[in-house]
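Everything on this sheet refers to the single structure shown next.
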4 protein chains.
Amino acid sequence: MIRFDSDYMEGAHPAVMEALMRANTVQTPGYGEDPFCARAAARIREKCALPDAAVHFLVGGTQTNRTVIVSLLRPHQGVVSADAGHIAVHETGAIENGGHKVLTLPSAKGKITGAAVEALCAAHFSDPSFEHMVQPGMVYISDPTEIGTVYTRPELEELYAVCRKRKLPLYIDGARLGCALVSSVCDYTLPEMARLCDVFTIGGTKLGALFGEAVVFTDPALAADFRYHIKQNGGMLAKGRLLGIQFEALMSGGLYEQIARHEVALAMRLRRGLEEKGWEFLVDSPTNQQFPILPDALLARLEPEFGFSRWQSMGRGMTAVRFCTGWAASEEQIDALLAAVGAP
Amino acid sequence: MIRFDSDYMEGAHPAVMEALMRANTVQTPGYGEDPFCARAAARIREKCALPDAAVHFLVGGTQTNRTVIVSLLRPHQGVVSADAGHIAVHETGAIENGGHKVLTLPSAKGKITGAAVEALCAAHFSDPSFEHMVQPGMVYISDPTEIGTVYTRPELEELYAVCRKRKLPLYIDGARLGCALVSSVCDYTLPEMARLCDVFTIGGTKLGALFGEAVVFTDPALAADFRYHIKQNGGMLAKGRLLGIQFEALMSGGLYEQIARHEVALAMRLRRGLEEKGWEFLVDSPTNQQFPILPDALLARLEPEFGFSRWQSMGRGMTAVRFCTGWAASEEQIDALLAAVGAP
Amino acid sequence: MIRFDSDYMEGAHPAVMEALMRANTVQTPGYGEDPFCARAAARIREKCALPDAAVHFLVGGTQTNRTVIVSLLRPHQGVVSADAGHIAVHETGAIENGGHKVLTLPSAKGKITGAAVEALCAAHFSDPSFEHMVQPGMVYISDPTEIGTVYTRPELEELYAVCRKRKLPLYIDGARLGCALVSSVCDYTLPEMARLCDVFTIGGTKLGALFGEAVVFTDPALAADFRYHIKQNGGMLAKGRLLGIQFEALMSGGLYEQIARHEVALAMRLRRGLEEKGWEFLVDSPTNQQFPILPDALLARLEPEFGFSRWQSMGRGMTAVRFCTGWAASEEQIDALLAAVGAP
Amino acid sequence: MIRFDSDYMEGAHPAVMEALMRANTVQTPGYGEDPFCARAAARIREKCALPDAAVHFLVGGTQTNRTVIVSLLRPHQGVVSADAGHIAVHETGAIENGGHKVLTLPSAKGKITGAAVEALCAAHFSDPSFEHMVQPGMVYISDPTEIGTVYTRPELEELYAVCRKRKLPLYIDGARLGCALVSSVCDYTLPEMARLCDVFTIGGTKLGALFGEAVVFTDPALAADFRYHIKQNGGMLAKGRLLGIQFEALMSGGLYEQIARHEVALAMRLRRGLEEKGWEFLVDSPTNQQFPILPDALLARLEPEFGFSRWQSMGRGMTAVRFCTGWAASEEQIDALLAAVGAP
């Protein structure tokens, strides 16, 4: 069976595993206060051209989203998100469990706009009952989005201008950030993106690490006492060095970008192959998630041999499914899938 | 520098690392629904002689304690704990952040008694203002305790009898469980202990894993919907297989017990060495944490060369410190420490 | 100025004030454990024909909704509500602050259907990622709804059948329950409604009391330890007797129904008057809230003399506004309003 | 039966009831945005000599404590309190339910000292594991305390100096504040006390109101968005005017002080009477709660005729009990109690 269910079907990129093996018997202090984490953070600050950024490492995405968001909001505030946002749909209410409403906006292709955030804020503060409603307190977006689309620079600029005007921290969930940055449509660099938000993550789990998310606060004042929050939310790894070792490896010699390019290139190979055969897609994704619309009968035939996720029924016997390429995906696997799918 | 600060100063036991390497490119489903986790859970059920137990794997201790406790309590209930309990002191209020008071009992040598729990319950329910006070809802102990002591079988039996009478689930935090079970004072086996509580953990982080805690619900009904709770509390690892791979390795061929015996044997070597030189101890610990009372001047001399934790000032220039032995500790390291400490 | 902003613009019905005065120097125990509360609860049980119901009294609506809902849900569960539901919109995220997501369903005329709840549950439990999503844990409706509409008996029966099938407690927020029960469209009695849900409230604040909501658990098992929850959520009044005194008065001699009929009769007088003049309404409300659609220019002229709430802009210079009639509203006030509004 | 169980055994002082009756049919906006609340707040600002203070009104004490505390803390912070503090013992864990640990200090006669707070902070921030522990975030005291004692001016000055140094808001729970201020030992005025803290309450429930606590933020910046918090925590009364009407009455013509003096005078009559007979007391209380130590046999005889609270068993057949005098207590009631108690 060949799995395209997600980008976390295998372990870590060999270079990451080697780094873990190499460091295995080195002794360090615990809880992320070790030289590996320090070096990894320094490399990230350098890559982002943010010498003063506060960089922290956590284990998983839901944990990271929860910890960042509860650390930034006051109790009466909520986080603005696309209705398709990961925090709104697929984190078992972790944000609400932390005490905060997710204020959802309808999303086009997974994205929200500055105009929609401004309209939400204007409506809130002009309502005579505003104190009876949750106050917008920050904005969450994911880039790439949950359906693989990528924010453009003008979109981020418009959104961040509203956020600054409304004093709402903008948080970018970059679980697959590398794939956005190397995608053909991306019109900004990492340092440029870092200047268009207040906090963002660089996801490791889906780009070659065993696990790990780096959180970058572009303004270190927002990260005050953040380690208390990590501990309280169960994200402080005793052997915190494991995060530093992995991120040091990923951030060295261009490995992170190399993995991202690999994932995206294979996804593009899949997309082109399906397009050439005449299949249509739910969305035009330039990153490592592809959402072709396939007949249910075909899906039933594919399922014993290929792993994928059913995303959305399109009616009339057709379903949009997700194929995802990870660091270990190969051209052979893609070609096997294309052969099995065939033409409509 | 030789570090005895804690038992998480290095990576994982070589056999664990080998297992991770071996499985690295195998594809599996995510979120712990993989064959490695299934096999690891089966081995744990077998070792506990609990064929129906529900077994789950989480990443870290605070995360595990928080998730288990919030899953078992209703909002008006609190968890009874020793005042020295990890959840009461060193988890940044994770339990309170989850909505629940930690109801502390004074502890003798880190332990609480069934009689004290019964007295707390009797006082609560006989108070005319009982509804104005937090209701005892479950009991938390750690075994070994935070200061290395081990519950005896009669102590557990007395405690569990009270818990059953009062309908309070008993939860044993076994972050260093292996060290308790192999200690010279332990008068129960794992299956016997498993019958004296409702849920317990088998800690991996401090016994040779990179990370990981196995949670065992002896009554699977208590684990209903537990995976939702894991996800909500940020503990569901995308590559959940990492936990299964590690625990399968630890639970095979007696590796877990072997590591535990190694840790305890080295701690006993340290203890005997210090005792022979004439030093006294804060507590009589039969496990891998030792708490000698040493002069501050000596500690200042040791600090550049040896890692340890200052535990408690004893006055008159003496301090109780903690030395901890992990899977990678060696006789040479212990002997170097003994030589450096010298005699009073 | 004549206020129709809401039904809490004045104090209490004279009979309620008299009861408070009469009891003022009587000594009773605190916290609702007094004879007034006991008698009020007994009358409510009798009126509901539920001799075993658990009846509690709280001060306000948001407090009551929060307390009931957090007492019934486990942490990973959410409460299903109309998207226009009070808990979803106008309680400053009290439910989320209590840890739970409000799972909203689109509402037609403020109501949700059993079919929609069933579809939500079916979708949840058939989703392979169900554990990554909030589990439906109970259902909340308001009757009358926030826009004055009233559930019919078949609607309640369909909804409750789904709730029982899915084991979801059904909670009816009856902040204006009296107005629903006396409305021309209501096809059930209070005892009949009480059998079609698990817990409901009988609102006092908007029907002649100074404040107060009676919570009726039709199954007393659901109310286990409910007084702890009241206290924890800040709803236990020291002089709890105040609630008992008021509800005893309201529940005696048909006062509650009399007030409800008065409120609804005046609202119908307003509605007929406006209809006769040719105005249209946002919704066909048979209760004490009316939502005519009026020109903005007219509203500007009315505002110095009449209190009302702007509800929703309808475009083209028209706005739907809310007029609400309380226990103290009079025919003269209605007629003054009608005269001031005039014809289109 | 004559009840001294607490100071909330009756309704409200006649002047308060009259004010409620007088205002009963006046129409006002809801939710505390009415002229009564505005005037009451103005009077309080004047009495406190704090023209810029933010004043809000809530219904009950637990609700007020919860709302104030959660509005001031970040998630990783706790509130420092005497171990006998109301929030630590008798609010069903409302603070923990709001997410925060109560960091208790041993109390002498119900009070804590600046030195103890400073020691707690020093210990916290010098601990290498400080991020694993709850950070002190504010300080809570009650004045008078739960056992009737009153802070002195030097005690408040020392405490507040530490709070300012450590940037911890100091919150004084004044549920019975009037009784402290009129007590024979009190060496400060209300304006003087107001300058020695950041937020305090003036309790109404126990001093002649039906219910109500006024919250005074001496620095209005701390009250930013406080009305959202009131609503979220279920404390926003629809007929919020009821709080304004009552506090306007209490704060006019010296009524609040007159009631306080009455309560304290009767408590002193009780105390002197018992002292003259030779009884001893648990604590030397100068306010309206008295804690004589009486034989259990005597208590059993008193119970059918007199209400009181059993406070603490003293051993050897003796129990400390609490007698509390409210606005409606009379000299005749005190004398009847003294006659019934007799001499040892």
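Across the range C:113-140, which residue is farthest from B:Asn97 (Cα to Cα) among those that are aromatic (Phe, Trp, Tyr) and surrounded by fewer than 20 Cβ atoms within 10 Å (Cβ to Cβ)? First the steps, then the outcome.
Of the residues in the range C:113-140, the ones aromatic (Phe, Trp, Tyr) are C:125, C:130, C:140.
Of the ones still in play, those that are also surrounded by fewer than 20 Cβ atoms within 10 Å (Cβ to Cβ) are C:125, C:130.
Working: C:Phe125: 29, C:Phe130: 25 Å.
Per the stated criteria, the residue is C:Phe125.
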Report task. Only residues that are touching a strand residue (DSSP E or B) at 6+ places or on another chain (Cβ under 6 Å) and outside any strand (DSSP E or B): list them for the range B:2-31, please. Result -> B:Phe4, B:Asp5, B:Ser6, B:Asp7, B:Met9, B:Gln27
Report task. Answer yes if at least one residue in the range B:181-203 is more than 30 Å from B:Arg310 (Cα to Cα) and within 14 Å of another protein chain (Cβ to nearest Cβ), and no otherwise. Result -> no
Requested in this report: Please work out which one of (1) assigned to a loop (DSSP other than H, G, I, E, B); (2) open to solvent by 20 Å² or more (accessible area, probe 1.4 Å); (3) touching a helix residue (DSSP H, G or I) at 6+ places or on another chain (Cβ under 6 Å) is the condition D:Phe36 fails and give its number.
Outcome: (1)
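Given the condition modelled with pLDDT of 95 or more and within 21 Å of the chain's Cα centre (by Cα), answer yes or no: does some residue in the range D:328-336 qualify? Quick ask: steps written out before the conclusion?
If we filter the range D:328-336 for residues that are modelled with pLDDT of 95 or more, which is where we start, we get D:328-336.
Subsequent filtering for residues that are within 21 Å of the chain's Cα centre (by Cα) retains D:328-329.
Taking every residue of the range D:328-336 in turn, at least one turns out to be modelled with pLDDT of 95 or more and within 21 Å of the chain's Cα centre (by Cα).
Please find, within the range B:168-214, the residue that is surrounded by the fewest Cβ atoms within 10 Å (Cβ to Cβ) out of those that are in a helix (DSSP H, G or I) and small (Gly, Ala, Ser). Explain how you work it out, then say what you get.
Keep residues of the range B:168-214 that are in a helix (DSSP H, G or I), which gives B:177-181, B:190-194, B:205-207.
If we keep only those that are small (Gly, Ala, Ser) too, we end up with B:178, B:180, B:194.
On the way: B:Gly178: 30, B:Ala180: 27, B:Ala194: 22.
Applying the filter and picking the extreme gives B:Ala194.
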Report summary line: Exactly one of C:Ile334, C:Ile245 is under 21 Å from C:Thr205 (Cα atoms) and β-branched (Val, Ile, Thr), and that one is C:Ile245
Query - Residue check, C:Val89 open to solvent by less than 10 Å² (accessible area, probe 1.4 Å) and either without any contact (Cβ under 8 Å) to a residue 60 or more places away in the chain or not acidic (Asp, Glu) (or both) - result: no
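What do you reckon, is B:Met21 at pLDDT below 95 and within 11 Å of chain A (Cβ to nearest Cβ)?
Details: at pLDDT below 95: no; within 11 Å of chain A (Cβ to nearest Cβ): yes.
In short, no.
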**Report entry** Where A:Ala224 falls short, out of the listed (1) within 12 Å of another protein chain (Cβ to nearest Cβ); (2) in contact (Cβ under 8 Å) with a residue 40 or more places away in the chain
**Finding:** (2)
Requested in this report: Could you check B:Pro128 against (1) within 13 Å of chain C (Cβ to nearest Cβ); (2) at pLDDT 95 or above and say which number it fails?
Outcome: (2)
Query raised in the report: Can you name every residue in the range B:2-18 that is more than 7 Å from chain A (Cβ to nearest Cβ) and either of a type in the set (Lys, Arg) or open to solvent by 10 Å² or more (accessible area, probe 1.4 Å) (or both)?
Result: B:Ile2, B:His13, B:Pro14, B:Ala15, B:Glu18
Report task. All but one of (1) more than 8 Å from every other protein chain (Cβ to nearest Cβ); (2) over 17 Å from the mean Cα position of the chain (by Cα); (3) farther than 23 Å from A:Ala19 by Cβ hold for A:Leu255, so report the exception by its number. Result -> (3)
Query - Selection within the range A:24-42 - within 14 Å of chain B (Cβ to nearest Cβ) and either over 23 Å from the mean Cα position of the chain (by Cα) or without any contact (Cβ under 8 Å) to a residue 60 or more places away in the chain (or both) - result: A:Asn24, A:Thr25, A:Val26, A:Gln27, A:Thr28, A:Pro29, A:Gly30, A:Tyr31, A:Glu33, A:Asp34, A:Pro35, A:Phe36
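Residue by residue, here is whether (1) open to solvent by 10 Å² or more (accessible area, probe 1.4 Å); (2) more than 14 Å from chain B (Cβ to nearest Cβ); (3) out of contact with any Ser or Thr (no Cβ under 9 Å at 6 or more places or on another chain); (4) in contact (Cβ under 8 Å) with a residue 60 or more places away in the chain holds:
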position	(1), (2), (3), (4)
A:Ile44	no, yes, yes, yes
A:Pro51	yes, yes, yes, no
A:Gly60	yes, no, no, yes
A:Gln63	no, no, yes, yes
A:Ile69	no, no, yes, yes
A:Gln77	yes, yes, yes, yes
A:Asn97	yes, no, yes, no
A:Pro106	yes, yes, yes, no
A:Lys111	yes, yes, no, no
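For the range D:246-344, list the helices (runs of 4 or more DSSP H) that sit wholly inside it and hold at least 2 residues that are touching a residue at least 60 places away in the same chain (Cβ under 8 Å) and open to solvent by less than 60 Å² (accessible area, probe 1.4 Å); which are they? Spell out the reasoning first.
Working: elements: D:255-277, D:296-302, D:331-341.
Here the list reads D:255-277, D:331-341.
The values are calculated or read from the model by the stated rules, or taken from the named source; none is laboratory data. Predicted, not measured: the structure shown is a model, and the values here were computed from it. Backbone-built Cβ (ideal geometry, glycine too); neighbour counts: all protein chains shown. Surface areas here come from the heavy atoms of the whole protein model, side chains and all, with no ligands, DNA or RNA. Shrake-Rupley method; radii C 1.70, N 1.55, O 1.52, S 1.80 Å.
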